[in-house]
Structures are given as C-alpha cells and as structure tokens.
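The values are calculated or read from the model by the stated rules, or taken from the named source; none is laboratory data. Here the structure is a predicted model, which is why all the values come from computation and not from measurement. Heads up, the Cβs are rebuilt from the backbone with ideal geometry, glycines too, and the neighbour counts pull from every protein chain shown.
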Amino acid sequence: MKTADFDYVLPPGFIAQTPAEPRDHSRLMVLSRNGSLLEHRRFHDLCGYLRDGDLIVCNDSRVIPARLLGSKAGTGARVEVLLLRRLEPGVWEALARPGRRLKPGSIIEIGESPDLRVEVIEKRANGSFAVELPDEDAIDSAGMVPLPPYIREPLADAGRYQTVFSHIKGSVAAPTAGLHFTPELMDRIRKKGVHFAFITLHLALDSFRPVQAEDPLDHVIHSEAGEITEETADAIMRAKREGRRVVCVGTSSVRMVEHSAKLNGGVVMPFAGWVDLFIVPGHRFHVADVMVTNFHLPRSTLLMLVSAFAGRERILDAYRAAVENGYRFYSFGDAMLIL
C-alpha cells in the first residue's frame with residue numbers, strides 16, 4: 001500500500017466555494033460496499049435509505065473562531081494566530097504568522113479587547129507554538145472562523161460552517177458531513193423510528209492535510225480530543241446487540257466509536273481523552289455499519305478511511321462518477337451515503 005494509491009485528479013472547478021442552500025438540497029451519492037448500487041439523489045432523500053431502529057451517530061463539536069488577528073506587545077507588529085488544538089485548559093497549539101521573531105514570553109494582543117492576550121509558551125520543533133490563552137471565551141467576539149485554504153469565497157453567514165446540532169466548542173475545522181442536516185430533516189428521520197446519538201471529537205486542521213510519506217503507515221496522525229458519554233455508549237452497544245445498524249455521520253464519528261471499540265475489545269465504552277486512531281484499508285470495523293461522508297482530498301487520511309470502509313477501488317470509481325456527474329467536492333461539497 002502506497003500513499004499514491006489514494007490519489008486522483010480533480011479539476012479545480014469542482015471544489016465547492018459556498019454551501020448548498022438549503023442545507024439538505026446538496027446532492028447525495030448512494031453506493032453499496034458490495035458494488036451492487038450507485039444512485040444519485042439529494043440529501044433530503046436520506047430517509048428513504050434508513051430503517052426503523054437505525055442509530056445515527058453525529059459529532060456535536062462546534063467550530064471556534066480560531067483565527068485571531070493581533071499585534072505584538074511592545075512593537076505593534078501585526079501577527080496572525082491560528083489555534084490548532086487545545087492541549088489543556090487555557091493552552092493551545094497554534095501557528096503564528098510571522099512567527100520567526102516570536103519567543104517564549106512574547107505577548108500578542110488580539111483585536112480591540114484588552115482581555116484577550118496570547119502568550120507564547122514554547123516554540124515547537126514542527127514550527128508550531130504552545131500558547132496560553134487565559135480567556136478562551138473572549139475569542140467568540142474577537143476571532144474569525146478559519147475556513148479551509150481551498151475556500152476562497154468569503155462566507156456571508158459564519159453559522160453555515162457549523163452543524164445544526166453543534167454545541168460543544170473545540171474544533172478548528174467543521175465535521176462537514178453533518179452540515180447537510182436541517183432540524184426539519186432530523187424530525188422526519190426521528191418520525192421514521194430512527195434514533196440519534198452524539199459523540200464529540202474536536203477536529204484539528206491536520207486531519208485534512210494530504211499525507212506526505214510515501215508509505216501511509218509512516219504517517220503520524222495528530223491526536224484530537226474526544227468524548228463518548230455513557231448515554232451514547234449504551235445506545236450504540238444496545239443497537240449492536242439488537243442487530244440494528246449504526247450509521248456514522250462523518251469520518252470523525254467513525255474514528256471516535258472505532259477508537260473506543262479498539263481500546264475495549266470491540267465494545268464501545270464511555271471515553272474522554274486523546275484519539276489517534278489512523279484507519280487504513282485492512283482495518284476491522286467493530287461499530288460502523290453505514291457511513292455518511294463528504295468527498296475528500298486526494299492522499300488524505302479521510303480518503304484512506306472511507307477506502308478502508310468501502311474498498312479503495314470502489315471509492316475511486318465513485319469519485320470518478322462524481323466528477324462525471326458534476327458533484328461538488330470537499331467541505332461545502334456534496335455527500336455520499338455508503339451502505
């Protein structure tokens with residue numbers, strides 16, 4: 001297995017710059033893991049593929065305004081700080097631009113708020129910084145949502161980069177498969193006898209970056225903070241015992257439940273901590289029976305995960321069909337339902 005095995009060609013015009021309106025009118029490619037099905041629908045048709053008793057697992061993490069513009073105390077030099085992931089309360093891994101002259105002890109004053117100051121604690125070997133952010137709540141008014149670099153259009157409504165069920169702050173990138181749901185669609189799904197459960201996995205930007213190593217097994221995936229409550233763990237294991245399907249919305253939900261199962265001999269148990277599970281073809285899935293996902297970047301860990309779930313050739317064939325049929329790709333793009 002090589003990283004190049006997960007490459008594909010995508011013309012630039014296929015990268016979605018704005019989200020679909022309404023949310024659930026994005027397109028939905030439906031395919032089966034055994035290769036017998038490939039259909040083109042809209043996301044609001046999802047109900048037709050769900051069964052009474054299915055359990056849908058979603059990631060309720062909320063994107064924080066992690067892009068902070070400020071100035072270096074004492075010099076007034078402009079500095080941009082991008083929070084990457086929360087290491088502990090009040091301490092974050094971050095990127096800074098320009099960062100060459102930043103040293104431990106440097107203070108960056110953010111925006112107009114005297115209460116929002118970022119102090120550099122440490123410069124790391126990978127070029128990032130550990131920074132102290134004493135008042136995390138202050139970034140809600142001073143920060144900006146950090147859209148992925150391939151989205152060049154300004155976002156008129158920052159709420160469109162949040163899922164309708166997000167409420168636990170911590171991600172710096174959205175769990176994008178969940179962006180297609182509306183409250184009305186969720187109500188229709190519940191009326192069909194389908195249940196929802198929620199995990200939390202705070203996404204960092206490294207999840208979306210292409211793998212650089214020639215052999216993907218040489219790639220070190222970055223840890224992300226996650227939690228599974230007792231209520232969600234019980235709901236998942238009850239569904240598995242009763243033979244009902246677990247439908248994971250997004251690769252983040254898959255990683256979270258499979259991480260817990262791997263730690264506990266195939267059983268999902270309550271969990272709070274760091275998640276570093278890297279799923280590649282050959283992985284044995286203990287929990288996920290069905291997956292809702294977006295179309296992912298070439299050579300990414302996310303593409304490797306969906307290839308592990310449905311088969312690399314099957315997924316790459318589906319991506320070619322998506323290009324032929326004019327699907328929109330990446331964060332604001334269309335969705336795929338893998339049965």
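Number of residues in the stretch 2-37 that are of a type in the set (A, V, I, L, M) and either surrounded by fewer than 14 Cβ atoms within 10 Å (Cβ to Cβ) or not assigned by TED's automatic domain parsing to the domain that holds Tyr161 (or both) equals 3. Just checking, does the stretch 242-249 include any residue being modelled with pLDDT of 95 or more and closer than 21 Å to Val172 by Cβ? Checked against the condition, which is being modelled with pLDDT of 95 or more and closer than 21 Å to Val172 by Cβ, the stretch 242-249 yields at least one hit. Taking the criterion of being crowded, with 24+ Cβ neighbours inside 10 Å and in a loop (DSSP other than H, G, I, E, B), the residues of the stretch 226-278 that qualify are Gly250, Val268. Tell me, which residue of the stretch 193-240 that is in contact with an Asp or Glu (Cβ under 9 Å, 6 or more places away or on another chain) and of a type in the set (Ser, Thr, Tyr) is modelled with the lowest pLDDT? My answer is Ser207.
The condition (being of a type outside the set (S, T, N, Q), touching a helix residue (DSSP H, G or I) at 6+ places or on another chain (Cβ under 6 Å) and closer than 21 Å to Leu84 by Cβ) is satisfied by just one residue among Ala174, Ala197, Ala204, Ala142: Ala174.
A Cβ distance below 8 Å, combined with a sequence gap of six or more or placement on separate chains, defines the contacts here; from the stretch 9-31, residues that are aromatic (Phe, Trp, Tyr) reach residues that are surrounded by fewer than 17 Cβ atoms within 10 Å (Cβ to Cβ) in the pairs Phe14/Val323; Phe14/Gly326. Residues that are without any contact (Cβ under 8 Å) to a residue 40 or more places away in the chain and of a type in the set (Gly, Ala, Ser) were ranked within the stretch 256-281; the one that is nearest to Glu230 (Cα to Cα) is Ser260. Residues that are in contact (Cβ under 8 Å) with a residue 12 or more places away in the chain and either closer than 30 Å to Phe196 by Cβ or touching a helix residue (DSSP H, G or I) at 6+ places or on another chain (Cβ under 8 Å) (or both) do occur in the stretch 93-110, at least one of them.
Being assigned to a loop (DSSP other than H, G, I, E, B), closer than 29 Å to Leu87 by Cα and not basic (Lys, Arg), is that true of even one residue in the stretch 180-191? Within the stretch 180-191, none of the residues are assigned to a loop (DSSP other than H, G, I, E, B), closer than 29 Å to Leu87 by Cα and not basic (Lys, Arg). Of all residue pairs spaced 6 or more apart or on separate chains, those with beta-carbon atoms under 7 Å, a first member in the stretch 222-238 that is within 24 Å of Val172 (Cα to Cα) and a second member that is at pLDDT 95 or above and assigned to a helix (DSSP H, G or I) are Gly226/Met256; Ile228/Met256; Ile228/Ser260. Number of residues in the stretch 288-339 that are at negative phi and not in a helix (DSSP H, G or I): the value is 25. In the stretch 114-128 there is no residue that is surrounded by 21 or more Cβ atoms within 10 Å (Cβ to Cβ), within 19 Å of Ile64 (Cα to Cα) and within 23 Å of the chain's Cα centre (by Cα).
Considering only residues that are buried (at least 22 other Cβ atoms within 10 Å of the Cβ) and in contact (Cβ under 8 Å) with a residue 60 or more places away in the chain, which ones fall in the stretch 56-85? Once the filter is applied, which keeps residues that are buried (at least 22 other Cβ atoms within 10 Å of the Cβ) and in contact (Cβ under 8 Å) with a residue 60 or more places away in the chain, the stretch 56-85 yields Ile56, Val57, Cys58, Asn59, Ser61, Val63, Ala66, Leu68, Leu83, Arg85. Note on the stretch 287-339: among residues that are aromatic (Phe, Trp, Tyr) and closer than 23 Å to Leu277 by Cβ, the one that is surrounded by the most Cβ atoms within 10 Å (Cβ to Cβ) is Phe295.
Inside the stretch 199-225, residues that are in a strand (DSSP E or B), of a type in the set (A, V, I, L, M, F, W, C) and surrounded by fewer than 18 Cβ atoms within 10 Å (Cβ to Cβ) make up a count of 0. Pull out all pairs, ordered by first then second residue, where Cβ-Cβ is under 6 Å, the residues are six or more apart or on different chains, the first lies in the stretch 155-172 and is in the same structural domain as Phe196 (by TED's automatic domain parsing) and farther than 15 Å from Ser61 by Cβ, and the second is modelled with pLDDT of 95 or more and surrounded by 19 or more Cβ atoms within 10 Å (Cβ to Cβ). Note: pairs meeting the criteria are Arg160/Pro19. Listed by position, the strands (runs of 3 or more DSSP E) contained in the stretch 2-96 that have at least 1 residues being at pLDDT 95 or above and not aromatic (Phe, Trp, Tyr) are 27-31, 38-42, 55-59, 61-63.
Of everything in the stretch 86-110, what is surrounded by 18 or more Cβ atoms within 10 Å (Cβ to Cβ) and among the β-branched types (Val, Ile, Thr)? Give them in sequence order. Within the stretch 86-110, Ile108, Ile110 qualify.
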